[in-house]
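Every number here is computed from the coordinates shown, using simple stated rules; none is lab data. All values derive from a computational prediction rather than experimental measurement. As a convention, Cβ positions derive from the backbone with ideal geometry for all residues, glycine included, and neighbour counts pool all protein chains shown.
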Amino acid sequence: MPLSGRQHTPLLGILILWITASLYFSSDNVTNGTTRPGNCAGSCFPQRDPEPLGDFLSLRIPLKKAGNLVLIEACIDTLTGNLILDTGASGLVLNSTYFRTGYTVDRLEYGGVTGSSGAVRRTRIDRLQIYDLYYENVTADLSELGHIENRRGVRILGLLGLNMLQDMEMMIDVANSLLVLYRLDKNGNRLHTDSCNTGTKLEADISLMHDVMFMKASIGGKTLNFCLDTGAEMTLIDHNLPQVVFDHIVIRGRSTLRGVGGGHAEVLYGALDGLMVGETDIGSLPVLVSDLSGMGQAYGISIDGMLGYDFFASGAFCINLVRKSMVLYLPDKLKTQ
């Protein structure tokens, strides 16, 4: 159906933004080069979650920002740099600028908002260290991330995806540049507790598919399925949603969307209001309108949108990956209906 927002203003030029969410899909097209035997029968995703090691019950990790990207300082083998905190990526993805040795995975390709990014290449690292947290002998995917470095002027070693944080609870406080990790018991209870956040407390269930988080929210009374993606610089909405959704979007211009591997797509950008989580109005958010059907097809579910940086900057988010629950501590000024 044709897309029409509440109002249109003159085009404001081209805005380059980054969306780092990625997924895999099988392909009969195998790139030239070294391949490893195997195919997508059974699973196209990493077979084993990396084990988070280190002597801590809770760990406070400072966050840095480059534009709307959330960064964590890390050391990988002998290299020191930054990882993008990216809950829209299923695992560890490393920048092929720095990690050049790898193998091509037969019949497996990257896909994302900007389309296919070619065959998946993987490598193995000996050690990844983030303050007192570390991992050993980790398999990682390789992707070209140089365009992000060039745009943001920082050294990006890769993306820290969700399966690196499995079996923990994370408190993401973008406004205060802080990530706190909590170890959990088998029932999902923290082994160490600290003072609670203040503000409006909002609880929501999340679901996990292929190590990516999803949450229900609504716009204009329409319940939608959103991917929770800290690696997206803006919120995305699928272009084929009902008109009642676009009644809450003001279209302001066109943008070029860049993704992992350098793919790009032309999208519309504007402002969204009326995003409801439960009975709470999150407030106005910058938004991109794009075709998300490729991601939905690869996952086998409907993806109506992706909640990115501005959503996470609206408060402190406690996400428990064992209980599959999320608590949002939002400013009291937000409206409850």
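Shape class of the range 44-97 from the alpha-carbon gyration tensor: rounded, with the ratio a/c of largest to smallest axis under 1.5. Normalised by residue number, the volume inside the convex hull of the Cα atoms of the range 141-266 is 184 Å³ per residue. Using Cβ point charges alone (K and R +1, D and E -1), the dipole size of the range 139-284 about the Cα centre works out to roughly 300 debye. Between the amide H of Leu92 and those of Asp141, Gly161, distances stay under 5 Å, these residues lying 5 or more places away or on another chain, with hydrogens modeled in the peptide plane.
Using alpha carbon coordinates only, what is the Rg to Rh ratio of the range 114-182, with Rh defined as the Kirkwood radius? Each step should come with its number before you reach the end.
On the way: Rg = 14.5 Å, Rh = 14.6 Å.
Taking Rh as the inverse mean 1/r over Cα pairs, Rg/Rh reads 0.99.
In the range 216-323, taking the dipole from charged Cβ atoms about the Cα centre, the farthest positive-side position among Ile303, Ser314, Pro242 is held by Ile303.
Tell me, what is the FRET efficiency for Asp247 and Asn176 to the nearest 0.05, using R0 = 30 angstrom and their Cβ-Cβ distance as r?
0.30
Scalar couplings 3J(HN,Hα) for the range 81-95, obtained by applying the Karplus form with A = 6.51, B = -1.76, C = 1.60 to θ = phi - 60°, are x, 10, 10, 7, 6, 9, 6, x, 9, 6, x, 7, 10, 10, 6 Hz; x denotes Gly and Pro.
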